[in-house]
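The values are calculated or read from the model by the stated rules, or taken from the named source; none is laboratory data. Quick caveat: nothing in here was measured; it's all calculated off a predicted structure. Because the Cβ atoms are built from the backbone with ideal geometry, glycine has one as well, and the counts that use them run over all protein chains shown.
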Amino acid sequence: MPEDKFSDLTVGLESPLTAIEEITPDDAGDLAYVTRAVNVATSGTLHVTTVDGSTATLFLAAGGAFPIRVRRVWASGTSATGIRGLR
């Protein structure tokens, strides 16, 4: 494993992302971890619940990192695919 010269620093919202996980939209369950951003492989809608409990349907363009702290991605109302949670 390569040396990580920053491993002893606290990770904050202004820090680079440290993990990426595939998200499967689910109407019944929250994610294991709240995201710091979301990325999609194909453009489309993303129906989400944010960390504060707000629910909305957003349009995300493929390829970019959209900085939103999401706790759930709903299957209903989501058309984007290849969804990744960045944290």
Next on the checklist: Contact list please: Cβ distance under 9 Å, first residue in segment 15-38 and closer than 28 Å to K5 by Cβ and of a type in the set (F, W, Y), second residue exposed (fewer than 14 other Cβ atoms within 10 Å of the Cβ) and at pLDDT below 95, pairs at least six apart or on different chains.
Outcome noted: Y33/A19
Next on the checklist: Quick test for you: out of R72, R87, pick the one residue that is modelled with pLDDT under 95 and not aromatic (F, W, Y).
Outcome noted: R87
Next on the checklist: For segment 1-55, which positions are farther than 13 Å from L86 by Cβ, out of contact with any Gly (no Cβ under 9 Å at 6 or more places or on another chain), surrounded by 11 or more Cβ atoms within 10 Å (Cβ to Cβ) and of a type in the set (S, T, Y)?
Outcome noted: T49, T50, T55
Checklist entry - Among the residues of segment 56-87 satisfying the criterion of being within 22 Å of L13 (Cα to Cα) and of a type in the set (V, I, T), which is surrounded by the fewest Cβ atoms within 10 Å (Cβ to Cβ)? => result I68
Checklist entry - Which of the strands (runs of 3 or more DSSP E) contained wholly in segment 8-62 include at least 1 residues that are farther than 18 Å from T78 by Cβ? => result 20-22
Checklist entry - Scanning for something in a loop (DSSP other than H, G, I, E, B), in contact with a Gly (Cβ under 8 Å, 6 or more places away or on another chain) and aliphatic (A, V, I, L, M), does segment 64-81 turn up at least one residue? => result yes
